[in-house]
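What follows is a short report on a single structure.
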Amino acid sequence: MKLSLPEDVQLLSTTRSFLERGTQKLLIAGEWVEALDGLTFPTYNPATGEPLAEVALAGEADVDRAVQAARSAFEAGSWSRLSGEERGSLLWKLSDLLEDHADELAELETLDNGKPLRVTRHGDLPQAVKHLRYYAGLAGKIEGKTIPVSFSNQFVYTLREPMGVVGLIIPWNFPLLMAIWKLAPALAAGNTTILKPAEETPLSALRLGELIQQVGFPEGVVNILTGPGLPTGAAIVSHMGVDKVAFTGSTEVGRQIMKNAALSNLKRVSLELGGKSPNVIFADADLPKAIKGANWAVFSTAGQECVAGSRLFIERPVYDQVLEGLAAEAQRIRVGNGFTPKIHIGPLVSENQLHRVLGYIENGKKSGAQIIAGGERLGDDLAAGYFLSPTIFTHQDDNLPLVQEEIFGPVVAVSAFEDWQELVGRANQTSYGLAAGVWTLDIRKAHRFAQAVRAGTVWINGYGLFDPAAPFGGYKESGFGREMGQEALELYTQTKTVWVGL
Ligand code: ADP
């Protein structure tokens, strides 16, 4: 393994030894095993294009083994029939271990995904810890109801029971955090799980698997399968022994998953999909804050975020002023290797993703949108990686692919609006409905906008905030089901109604 790091950067010895151990294996029934057919695939460092590790590629037979393991663990009751308090206590222990290993996990994440070490260490990792603790606390508080019915001789109550075996399929933009977003509520509720990280970023999930073992979760409760959508993801979705699939990723794959779930055993599905979120700056906003906020809303994580505020609407009287501020801010963003101190954003996750985004930029230029900042792949010492400068387009046509399609890169489509009616119509003119932002000091206008926009989350005078207690999920083709908060537990439990003859 060759690892080019910026000058003066040393990896922790634990990170090195993790990377140097040879092919990474699958976690099935508490054992690390090779794929049955021996296949592997490489994962790359997007900052340098260098391969980081070979990883086992789980085929259908491996998925089958993992489902059997999860099923036996579920039936044995060694997890689902523990008290919620006991399950919570293991989740809490895992959160402590994550905290102890935060430096190492952050390094792995930065190597595999590219985002700055400062972000993985002080953003993703603490969020993951908080998330585990929130659901550790909730594990013992999953309650049914007593229901007054019309029969006086019947006593009726409900139980909220785990679904059984759940498949958790996650993307590459927040690899560890997304794993925890799904594992924490699924495990708190008593399910057994099969986690499939994205093929671009499998490493942090594998290290997480080792920590899970160290905590002492019963074997088979968490199985981890690495591999691409086809065959690994698709085999989980079509397996008759999986009771539910929770997915985060593109709308296109979400559609496929819903179809395959229906064609197999009608397994339950929850989907957190794409977005093309409107972010609105009114003339009466705190403009310096709004400009910084709008800039960060789309360019943080190099735009590789489902909630990216990628359609920016600016009220006409302040349009020129805001645009100028935005361009200046975008030029101040330092793009670079995630291990270089003080950089703001890293590379795109893969060569594929880089070319996809460059394709949108070319298409935008040809279709008459004006580019006012960025738009280029970065060269010099960054030439081997997949780096792109933060890109601002202005346009007059909401129908352009640039304005309608999820790009998942550092590209924002900016336009002016004149009045409320126009704004609301245009903000909602998208098949997505994941998130929205609005900047104004008029509290009535802010709340009116929050009510008018069809999106699962609205940020007023802020953007991109998350907390384990605050539900998150989509309207329209951004999916359904809510992550986080008590609502996430509903995704991983089902209601049983019990009638007692008195
Ligand atoms: P992104 O746009 O973030 O790359 P994708 O929707 O392509 O998202 O992938 C998200 C996750 O879904 C990844 O783990 C990927 O391997 C998985 N995946 C891709 N295709 C399928 C499929 N047909 N069935 C199940 N999982 C899939």
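The values are calculated or read from the model by the stated rules, or taken from the named source; none is laboratory data. What you see is a predicted model; the values in this text were computed from it and never measured. When we count neighbours, we look across all protein chains shown, and the Cβ atoms used for this are built from the backbone with ideal geometry, even at glycine. The protein model used for the area step is the full one, side chains on, heavy atoms only, and it has no ligands, DNA or RNA in it. Shrake-Rupley method; radii C 1.70, N 1.55, O 1.52, S 1.80 Å.
Return the residues of segment 35-63 that are more than 17 Å from A205 (Cα to Cα), open to solvent by 50 Å² or more (accessible area, probe 1.4 Å) and not small (G, A, S); say none if nothing qualifies.
L36, D37, L39, P51, E60
Table: residues versus (1) away from the ligand (no atom under 12 Å from the Cβ); (2) modelled with pLDDT under 95; (3) among the acidic types (D, E); (4) surrounded by fewer than 23 Cβ atoms within 10 Å (Cβ to Cβ).
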{"residue": "V245", "(1), (2), (3), (4)": "no, no, no, no"}
{"residue": "T248", "(1), (2), (3), (4)": "no, no, no, no"}
{"residue": "V269", "(1), (2), (3), (4)": "no, no, no, yes"}
{"residue": "K292", "(1), (2), (3), (4)": "yes, no, no, yes"}
{"residue": "V298", "(1), (2), (3), (4)": "yes, no, no, no"}
{"residue": "Q304", "(1), (2), (3), (4)": "no, no, no, no"}
{"residue": "E315", "(1), (2), (3), (4)": "yes, no, yes, yes"}
{"residue": "G325", "(1), (2), (3), (4)": "yes, no, no, yes"}
{"residue": "A328", "(1), (2), (3), (4)": "yes, no, no, yes"}
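Need the failing condition index for T226 against (1) open to solvent by 30 Å² or more (accessible area, probe 1.4 Å); (2) in a loop (DSSP other than H, G, I, E, B); (3) within 12 Å of the ligand (Cβ to nearest atom), just the number.
Going through (1) open to solvent by 30 Å² or more (accessible area, probe 1.4 Å); (2) in a loop (DSSP other than H, G, I, E, B); (3) within 12 Å of the ligand (Cβ to nearest atom) one by one, T226 breaks only (1).
Of all residues in segment 126-167, count the ones that are surrounded by fewer than 16 Cβ atoms within 10 Å (Cβ to Cβ), farther than 30 Å from D103 by Cβ and of a type outside the set (F, W, Y).
So the answer is 16.
Would it be correct to say that E376 is open to solvent by 60 Å² or more (accessible area, probe 1.4 Å) and away from the ligand (no atom under 16 Å from the Cβ)?
Details: open to solvent by 60 Å² or more (accessible area, probe 1.4 Å): yes; away from the ligand (no atom under 16 Å from the Cβ): yes.
Judged against the criteria, E376 is a match.
Tell me the helices (runs of 4 or more DSSP H) entirely within segment 82-177 that contain at least 2 residues that are farther than 30 Å from Y386 by Cβ and of a type in the set (G, A, S). So that I can check it myself, show each step before the final result.
Working: elements: 84-100, 102-113, 125-138.
Answer list for segment 82-177: 84-100, 125-138.
In the set A188, A179, which member is within 16 Å of the ligand (Cβ to nearest atom) and either farther than 26 Å from L82 by Cα or open to solvent by less than 20 Å² (accessible area, probe 1.4 Å) (or both)? Before you say what the answer is, go through the steps one by one.
On the way: A188 fails: within 16 Å of the ligand (Cβ to nearest atom).
None of the other options fit; the residue is A179.
Based on what the data block shows, is A235 near the ligand (Cβ under 10 Å from one of its atoms) and either outside the structural domain of W439 (by TED's automatic domain parsing) or free of Cβ contacts under 8 Å to residues at least 24 places away in the same chain (or both)? Talk me through it step by step, then tell me what you get.
Details: near the ligand (Cβ under 10 Å from one of its atoms): yes; either outside the structural domain of W439 (by TED's automatic domain parsing) or free of Cβ contacts under 8 Å to residues at least 24 places away in the same chain (or both): yes.
Yes: the conditions hold for A235.
Does segment 371-386 contain any residue that is at pLDDT 95 or above, within 28 Å of E200 (Cβ to Cβ) and among the aromatic types (F, W, Y)?
Yes, because at least one residue in segment 371-386 is at pLDDT 95 or above, within 28 Å of E200 (Cβ to Cβ) and among the aromatic types (F, W, Y).
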